[in-house]
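Read the structure below first, then the notes.
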Amino acid sequence: MRPDKSEALRARLRKGASSFDFDALIQGVSTEDDATEAGALDDAISTPTSVDDEIIPIQIQDTTVADDGQLKGGLVSALETLGVRLLEETGKLRSALQASDASDGGYYLARVNNVLELLETVDPAGETSRRYATPAAPPPGRVWPRPCWSVYEFTESPISGLLAADADLNFVGDLIESAISSPDG
Amino acid sequence: MKVVAVVNQKGGVAKTTTVANLGACLAERGKRTLLIDLDPQANLTVGMGVAWYELESALHTVLLDPETTPLRTILKPIADLPLELAPGHLDLAQTEAVLLPHADKAYRLRNALEALYTEETYDWVLIDCPPSLGTLTQNAIVAATHLLIPTEPKFYAFAGMDTLNKMIVALTKSLRFRVELLGVLVTMYERGTRLHATIAAEIRERFEDKVFETMIYKNVRVSESELEGVPIILYDRRASGAQNYEALAEEVLLRAAG
Ligand SMILES: Nc1ncnc2c1ncn2[C@@H]1O[C@H](COP(=O)(O)OP(=O)(O)OP(=O)(O)O)[C@@H](O)[C@H]1O
Ligand SMILES: [Mg+2]
């Protein structure tokens, strides 16, 4: 790297880094003696004091038996949560793409990808989502769209249908670059 | 006892490598050390030579039902060291989704560890997090006393740590925990790369003495050792990667004492 280029990089980094906030990390955090902020959850979670209290009974017996009623309950509500998140993030992705904002678009694309990755792990064929009609369940005969982390995957994916009419391949390139470098990506 | 969550939502920044090698170095110095593989990819487990797919119970069973499977029952001894591993499993991905609706979902690991501490004592517990900021990573942060953040000297490092900072602030609104930064660790450092030197200097400028003096240099022997299923320090002690982790262990012990 030439020295002037290196200086420019330093300046850019400085500018970027100064807008970031690391205070909680650097100073550490504690809510343990804090009665107000985290108090809301006290009913649900008691800080354990003895072994008996520490063991919170769980409803789920066996994660591999998909027909187990209680697991189904847990899985379905997880799929519902993920489905809602998918709809939300897709909505934001669409707005960014319609505004031709590759940087924001990449950020939301990364989040859409992350939700799709999770959905694919817990309900690979989308069957459970379909059966329980959870939000954004894939239609019959279809599976979840593949997460797209490359220009090729994106152009092949139904997600590219969200692009603005005048979007070109350069835009998609910028979009993917932003998605890959997104903190959520 | 120090409980260290090795966390960074970015993939491939050497979280797992750091847990494996720092853990082995601490154990070699006589510290009783427990490694926890919270990642559904179970790379740490494989990297320690344990076949997760042959296990009937692993960390996912503990998080789902600690009464039937206490943490103690899944621990595997590693090498001839005071080193143990709580193995991960692919089903942890499913566990994350199943736990989502539960109010205590972020406290499962801490509760399991506290039950273990009533019977066993450790000097160090190192938790390998998945590359995400989901429920599993929240479990690690809530269970931890300290955070160790490995990062590559790249542009995204700042944005990534800013996001992590935001998440920690957000967690303080709903969870009871106390955690402090043990340090930021620069990994995959390439000697003679001006870009790396520049970014490492900026990280130091921002985090000051919270950045470890030790940097982990890129070294092919590290990935070789991973394939062999042993930490680099047990595979090739003279490799630069091994020496970097030895130096890190010394620095970590100094920080813990200071
Ligand atoms: N110092 C190093 N030199 C060369 N290769 C390294 C070094 N440290 C780690 N690696 C290799 O880089 C890859 C990523 O490392 P590692 O798995 O530790 O990262 P990670 O942050 O745990 O990734 P993930 O987010 O996927 O869990 C691995 O193949 C590992 O062997
Ligand atoms: Mg890993």
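Quick note: the coordinates plus some simple rules give every number you see, no bench work behind them. Not measured: the values here are computed from a predicted model. Counting neighbours? That spans all protein chains shown, and the Cβs are built from the backbone with ideal geometry, glycine included.
Structure notes:
- Check: the stretch A:73-185 dipole with +1 on Lys, Arg Cβ and -1 on Asp, Glu Cβ, in debye: 460
- Computed over neighbours whose Cβ is under 10 Å from that of A:L175, the net charge equals -4, Lys and Arg +1, Asp and Glu -1.
- Per-residue 3J(HN,Hα) values for the stretch B:46-53, derived from phi via the Karplus relation 6.51 cos²θ - 1.76 cosθ + 1.60 with θ = phi - 60°, read 5, x, 9, x, 10, 8, 4, 6 Hz in sequence order (x marks Gly and Pro).
- For B:V3, the residues whose modelled amide H falls within less than 5 Å of its own, excluding neighbours fewer than 5 places apart on the same chain, are B:V125, B:T145, B:H146.
- The phi-based Karplus calculation (6.51 cos²θ - 1.76 cosθ + 1.60; θ = phi - 60°) puts the 3J(HN,Hα) values of the stretch A:96-103 at 5, 5, 5, 8, 6, 9, 5, 6 Hz, whole numbers, x for Gly and Pro.
- Converting phi to 3J(HN,Hα) with the Karplus coefficients 6.51, -1.76 and 1.60 and the offset θ = phi - 60°, the stretch B:18-35 yields 5, 4, 4, 7, 5, x, 5, 5, 5, 5, 5, 8, x, 7, 6, 10, 10, 9 Hz in sequence order, with x at every glycine or proline.
- The distance separating the Cα centre of the stretch B:203-258 from that of the stretch B:83-154 comes to 22 Å.
- Global form of the stretch B:46-118, assessed from the alpha-carbon gyration tensor, a/c cut-off 1.5: oblate
- Extension gain for the segment B:K166 to B:R237, taken as residue separation times 0.36 nm less the Cα-Cα distance, is 21.7 nm to one decimal.
- Neighbourhood charge, 12 Å Cβ-Cβ cut-off, centred on A:A125 and excluding it, Lys, Arg +1 and Asp, Glu -1: 0
- Electrostatic tally near B:E228: other residues with Cβ closer than 13 Å to its Cβ, Lys and Arg +1, Asp and Glu -1, net -2.
- Within 10 Å of each Cβ in B:96-109, the average number of Cβ atoms from other chains: 6
- GNM flexibility winner over chain B from B:T18, B:T198, B:T61 (Cα, springs under 10 Å): B:T198
- DSSP bridge pairs, the protein assembly as shown: antiparallel proportion in percent, nearest 5: 15
- Length-normalised contact order for chain B - Cα pairs under 8 Å, 6+ apart - percent: 26
- Among beta bridges from DSSP that stay inside the stretch B:2-257, the antiparallel ones total about 5%.
- Result for chain B in a Gaussian network model with C-alpha springs under 10 Å: among B:N111, B:N139, B:N21, the largest mean-square fluctuation is at B:N111.
- Whole-angstrom gap from the stretch A:117-185 to the stretch B:33-65, using each part's C-alpha centre: 30
- Loop-located trypsin sites (Lys or Arg not before Pro) in the stretch B:168-241, at most 14 other Cβ atoms within 10 Å (DSSP): B:K173, B:R191, B:R237, B:R238
- Applying a DSSP loop filter and a limit of 16 other Cβ atoms within 10 Å to the GluC sites (Glu not before Pro) in the stretch B:121-229 leaves B:E190, B:E213.
- Note on chain B: helix-only mean residue ellipticity at 222 nm, from DSSP H runs of 4+ residues weighted -39500 (n - 2.57) and normalised by residue number, equals -13000 deg cm²/dmol.
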